[in-house]
Structure formats: structure tokens, C-alpha cells
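The numbers here are math on the coordinates, done by the rules we state, and not lab data. Just so it is clear, the model here is predicted, and its values are computed rather than measured. Here Cβ is always computed from backbone atoms with ideal geometry, including for glycine, and neighbour counts include all displayed protein chains.
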Amino acid sequence: MRLYAEVLGLKHLHYGLWADDSFDLEGLKVAQDRFTDHLISLIGPAPKSVLDCGCGLGETAAKLTSLGYDVEALTPDPYQKEKVEARSDVTCHLGRFQDFRPSRRYDLVLMSESCSYIPVDGQIDAVKRVAAGGQWLVADYFVFKKDKSELGKNGHELDSFLAKCEAAGMVRDYEEDITERILPTLDLARKAIDDYALPMGKALSEWLEDRHPVLFPPILKMVLFFARKPIRKAESQRILLDRDAYRQARRYAIFRFAVPAEAD
Ligand SMILES: C[S@@+](CC[C@H](N)C(=O)[O-])C[C@H]1O[C@@H](n2cnc3c(N)ncnc32)[C@H](O)[C@@H]1O
């Protein structure tokens, strides 16, 4: 999180919505702003009270406030709460959405890429509790089939998520598949690893070998031994950045629901 915010200078933690943007960090920032603007366009005009659930670094909440919405934010992460409160006057609640019991109601709950972090039943109950008669806007990736593979183990299963929403009385009134428009973010991450991270590692080991030809082999052996788990994990997670594999396993979607007026 700190890397995204402080080193890369990203204001958002989502994948973005790419159009004809430059294929670099600046392009990603433009795509991220477009994603947020698109979600805001689906909220409908202010005034409206909005809970930005899983608010990340607070950029969306600050933008909504500047547009005249009455916004509160929620995150279980103290670092994010600090960022949000430094960024604007938005009240930021610290905690998990499934445990959230505010003393007020909101017109809309926004989940900009936070839905996949929260258990489905817990979030549906919480949405009904905090936004009865209002709306729920979700943008996130879903998996076609939940399994133990890298691409299948995170994210909610799409059909089961939608079935649970329907059973809870949520009425879906907007739906959009933006999978193709998030894929450049995967390509960019892959390019960053191939162009920078791997060559830097190689250059560093060559430099060390040059400077310490006798010590280098045992040091390298030791580093590889202690780093074997993260190395194996990084290797297996490369599939997460493969656009064809991603397309086959996941769908990135936006859903808006009308929330039933009364909690059960
Ligand atoms: C990928 S980030 C998205 C951040 C932000 N909404 C954005 O679009 O940039 C996921 C967010 O979900 C939050 N989150 C994770 N678990 C949560 C939970 N149980 N309840 C509420 N938020 C949660 C994280 O702290 C983080 O803010």
C-alpha cells in the first residue's frame, strides 16, 4: 500500500478503466481517474449520502465531497484512515464492513474494488442494514469457478454472488463487463517486472559476484535458501498477470443494485 501511494504516487488502489492511454505509469493514473469518474457517474447526481466502503487512500471520497455528496468512508486499515483524514474532512470509520453498525443510514454504499475482500453474506447483511431503500454500487473482479488455483482462490464466485444478492431482495439495475478495459494494468505490471525488477536483480548479483568472487557463491546460496518461499510464490503468481488466463478465469464487473427498503 505504501509502495503504491508513496513510491508510485498512485491515488487509487484499483485497476483503472483503460481507453487509449499511454502504456506507462502516467497512463495508469489516467485510467484510474477514469474508473472513479465512471463509478461516480453511476451514483447519480448529488446531494446523496454515500458510504465509501473500503475507501483506500481517500481520493474517491474526497472527490465525491467536492462534488457535493455527503460522504463517509470506512476501512479496516489504520494507515488508510490516516491518509483519508489527511486528504480531506471526510469522516473515516475504522473497522470491517461486516461489523459496521452506524447510527445513520446512507443513500448508497460504494464498493470500489473492496467487495472481493468481504464475505458475501456479511456484506449483503451490512448493505441491507446501512442502506435500506437505497443503492449499492460494486466494481470488482469475480471468478467463474472458485478453486485452489492462483486465479480461482480469491474473489467471489460470480453466479453464487448474484444468486445470493437476488435471494436477499437486491434488484440489479445496472451491469457492465469491463474485463477488457482493466487488462492493460496486468500487462503493465508484467512489463515492470520484466523490464526493471528482473534485470535489477541480475545486475545486483553480477555486481556482487564481481566485487566478492569468493564470498558470492555461498552468499547467493544462502539468499536463495532463505528466499525460496517468496521466490516460489512469485513464480506461481505470475499467472495472475497473464491476460488470457485472467480472461478465462475472471470477469471484472460493475453492478448496481436497488436495496430492499426494510432489513429482515
Ligand atoms: C483494492 S483496495 C480498493 C481501495 C479503493 N476503494 C480504491 O478504489 O482505490 C481494497 C479496499 O478494501 C478494504 N477492505 C478490505 N477488507 C475490508 C472489510 N472487511 N471491510 C471494509 N473494507 C475492507 C481495504 O482496506 C482497501 O481499502
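Structure data summary
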| read-out | value |
| --- | --- |
| Estimated inter-spin distance, Asp177 and Leu240, nm [label 7 Å along Cα→Cβ] | 2.4 |
| Ranked Thr91, Thr179, criterion: other C-beta atoms within 10 Å, fewest first | Thr91, Thr179 |
| Between helix 198-211 and the chain: long-axis angle, C-alpha atoms, 0 to 90°, nearest 10 | 30 |
| Footprinting exposure proxy for Asp147, Asp89, Asp107 (fewest neighbouring C-beta atoms within 10 Å first) | Asp89, Asp147, Asp107 |
| Counted charge near Lys153, where neighbours are those whose Cβ lies closer than 12 Å (Asp, Glu -1; Lys, Arg +1) | +1 |
| Filtered trypsin sites (Lys or Arg not before Pro), segment 56-135: DSSP coil and at most 10 other beta carbons within 10 Å | Arg104 |
| Potential lengthening between Asp195 and Ile219 on full extension [0.36 nm per residue; Cα-Cα distance subtracted] | 6.1 nm |
| Packing-based exposure ordering (other Cβ within 10 Å, fewest first) of Leu74, Leu208, Leu51, Leu8 | Leu8, Leu208, Leu74, Leu51 |
| Convex hull per residue volume in Å³, alpha carbons only, for the chain | 145 |
| Nearest 10 degrees, 0 to 90: helix 78-87 Cα axis against the chain principal axis | 70 |
| Quotient of Cα Rg and 2.2 N^0.38 Å for segment 182-243, N being how many residues it contains | 1.38 |
| Nearest 10 degrees, 0 to 90: helix 25-43 Cα axis against the chain principal axis | 10 |
| Highest-MSF residue in the chain out of Ala62, Ala31, Ala197 [GNM, Cα springs under 10 Å] | Ala197 |
